[in-house]
Amino acid sequence: MFVGIFFLLAGMISFVNYNLLPNNHYVYNTPFCKTHAYLIGTIITDPENETALLSSNKTSFRVKAQYLKTDEEWIRTSGVILVHLYDSSLSFAYADRVVIEGDIARVNPPSNPGQFDYKKYLESEQIYAVFNSYKNDFALKIGAKKISFIKRYAFLLRDKCRRKIENHISSPQREILSGVLLGLRKNFPPEIENIFVKTGTMHVLPAQSTKLYPVAFSDQIAL
């Protein structure tokens, strides 16, 4: 009986959170299956580069969506979308306003018991879709949002902290500390991330942008 009540309450909370989304949120116009689309928005996290499958380069960042086109017309929208850009010739930065072509899709739940629940993790970050842009797709910077002096200084200091962590701490402690302290999760161990999801402590690992100001007002990392 207790288990039934627990799942009922969890479902109610999920339903309430979903329905608190604004009426123009992209989730209402994004199909569950992969769909070709165009996205206009502003990058709100520092792009992270990594080597993906088949040795292709992948740059990942989050975009605050402003317009989305999946059919014939542009729709004014809102919400944050995770973008994966598979083109090493392109370079974007935090606060860039971009227009990107690619495939958008809702994230599916895990197919096997005990598998990392990527869908649940993204939803805890209020991200409900992933946008993949490949080399033959169109991607262009069309402007940039002005960055405050404090935030610009925070980025510089965070990079300095990241280098100290990489030079003085071994793996996997290095990736865990970078994720918790600096919001950098590129190489965060999946099994550790899954523990955060299952224990409901994903708030300890917020997005990069929410970690900038605490780092900016820290004198140094004690190593």
message: So, in the range 139-149, exactly how many residues are surrounded by fewer than 12 Cβ atoms within 10 Å (Cβ to Cβ) and in contact (Cβ under 8 Å) with a residue 60 or more places away in the chain?
response: 1
field: Asn57, sole failed condition from (1) within 13 Å of Ser133 (Cα to Cα); (2) modelled with pLDDT of 90 or more; (3) out of contact with any Lys or Arg (no Cβ under 9 Å at 6 or more places or on another chain)
entry: (2)
query: Of all residues in the range 124-137, which are touching a residue at least 60 places away in the same chain (Cβ under 8 Å) and aromatic (Phe, Trp, Tyr)?
result: Tyr128, Phe131
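Residues are listed down the side, and each one gets a yes or a no for (1) within 22 Å of Trp74 (Cβ to Cβ); (2) of a type outside the set (A, V, I, L, M); (3) outside the structural domain of Val27 (by TED's automatic domain parsing):
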{"position": "Arg106", "(1), (2), (3)": "yes, yes, no"}
{"position": "Pro109", "(1), (2), (3)": "no, yes, no"}
{"position": "Tyr118", "(1), (2), (3)": "no, yes, no"}
{"position": "Phe131", "(1), (2), (3)": "yes, yes, no"}
{"position": "Asp159", "(1), (2), (3)": "no, yes, yes"}
{"position": "Ser170", "(1), (2), (3)": "no, yes, yes"}
{"position": "Gln173", "(1), (2), (3)": "no, yes, yes"}
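Only residues that are under 28 Å from Leu21 (Cβ atoms) and part of a loop (DSSP other than H, G, I, E, B): list them for the range 114-137, please. Even if it seems obvious, please write down each step before you answer.
Taking the range 114-137 and keeping what is under 28 Å from Leu21 (Cβ atoms), we get 115-133, 137.
Once the filter is applied, which keeps residues that are under 28 Å from Leu21 (Cβ atoms) and part of a loop (DSSP other than H, G, I, E, B), the range 114-137 yields Gln115, Phe116, Asp117, Glu125, Gln126, Asp137.
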- prompt: Taking the range 100-123, which residues are closer than 14 Å to Val63 by Cα and either surrounded by fewer than 17 Cβ atoms within 10 Å (Cβ to Cβ) or without any contact (Cβ under 8 Å) to a residue 60 or more places away in the chain (or both)?
  reply: Leu122
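Here's the yes/no breakdown for (1) modelled with pLDDT under 80; (2) of a type in the set (Lys, Arg):
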{"residue": "Ala10", "(1), (2)": "yes, no"}
{"residue": "Tyr18", "(1), (2)": "yes, no"}
{"residue": "His25", "(1), (2)": "no, no"}
{"residue": "Phe32", "(1), (2)": "yes, no"}
{"residue": "Thr35", "(1), (2)": "no, no"}
{"residue": "Arg62", "(1), (2)": "no, yes"}
{"residue": "Ala65", "(1), (2)": "no, no"}
{"residue": "Leu68", "(1), (2)": "no, no"}
field: Lone unmet requirement of (1) of a type in the set (D, E, K, R); (2) surrounded by fewer than 16 Cβ atoms within 10 Å (Cβ to Cβ); (3) in contact with an Asp or Glu (Cβ under 8 Å, 6 or more places away or on another chain) for Arg76
entry: (3)
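The values are calculated or read from the model by the stated rules, or taken from the named source; none is laboratory data. All figures in this text were calculated on a predicted structure; none of them were measured in a lab. Because the Cβ atoms are built from the backbone with ideal geometry, glycine has one as well, and the counts that use them run over all protein chains shown.
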